[in-house]
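Structure first, then comments.
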Amino acid sequence: TKPDEECIAALDGIGFDWELDRIRQNYTRFTPFVRRVEELKSYKQKHGHINVMQHVDKRLYECCNSIRSARRNAVKPGHTKPDEECIAALDGIGFDWELDRIRQNYTRFTPFVRRVEELKSYKKKHGHINIKSSEDKSLANFCANLRSARKSGGKPGYMRLDEGRIAVLDSIGFDW
C-alpha cells in the first residue's frame, strides 16, 4: 500500500532514501549477469573459447542462448534487450552473438567438431569415410550435407562450410 502524506512527511523528516529500493533492484538485476560473465570467463579460460556446449554446462549454454535471443528479439513481448553495458561486457570477453544461428545449420545441432571426431572414429574402425545410411543414418546424412554444402558454394539453405572446415575434413581424408 502507498503511504499517506503524513507518513511520507515523517519519513522525509528523518532523511528516508526513496531511491534505495530502485538501486537495490538494479543491483539485483545485474548481479546474476555479472556472475554469468565471470562464469563465461572461467569457461573460456578452461576451454579456450566461449562456445558453451550443452553437454558441458547446460545452464550456462541456455543462458547464452537466452542472451542472444533477447538481443535479437527485443521487440517481441517478454524479451528485454540487453543494455549497452551488458553488450560491451560480453563483447569484451569475445561473446559470439551469432553462434546459435550457426549451430542450426548443422545436423540436429551437433557441433561440427564432434561430428569430425565421429568421422575419425568411423575411419579408424572401417578404414574409410564412405558411410552408408544402413550403418549410421545420422552420420551418413551429415556427410551428404557436407558434400551438398560444398557443391552449393555457400548458397542460402545449405550448411555453412568455410575454408577452415573444408581443410579439417580434407586432413582426415573426407571423400568429397
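FYI, it's all coordinate maths here, none of it is from the lab. Because the structure is predicted, anything quoted here is derived from the model rather than measured. Backbone-built Cβ (ideal geometry, glycine too); neighbour counts: all protein chains shown.
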- Query: On average over all directions, what projected area in square nanometres does the range 114-159 have, based on the convex hull of its Cα atoms?
  - Reply: 3.4
- Message: Test of understanding: what is the full-extension gain from GLU118 to ALA10, defined as 0.36 nm times their sequence separation minus their Cα-Cα distance?
- Response: 31.7 nm
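Per 0.36 nm of contour for each residue apart, how much would the distance between ASN141 and GLU98 grow if the chain were fully extended, relative to their Cα-Cα spacing?
Numbers: separation 43, 0.36 × 43 = 15.48 nm, distance 2.43 nm.
Contour length minus Cα-Cα distance gives 13.0 nm.
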- Inter-probe distance in nm under a simple model that places probes 7 Å from Cα toward Cβ, at SER152 and VAL56: 2.7
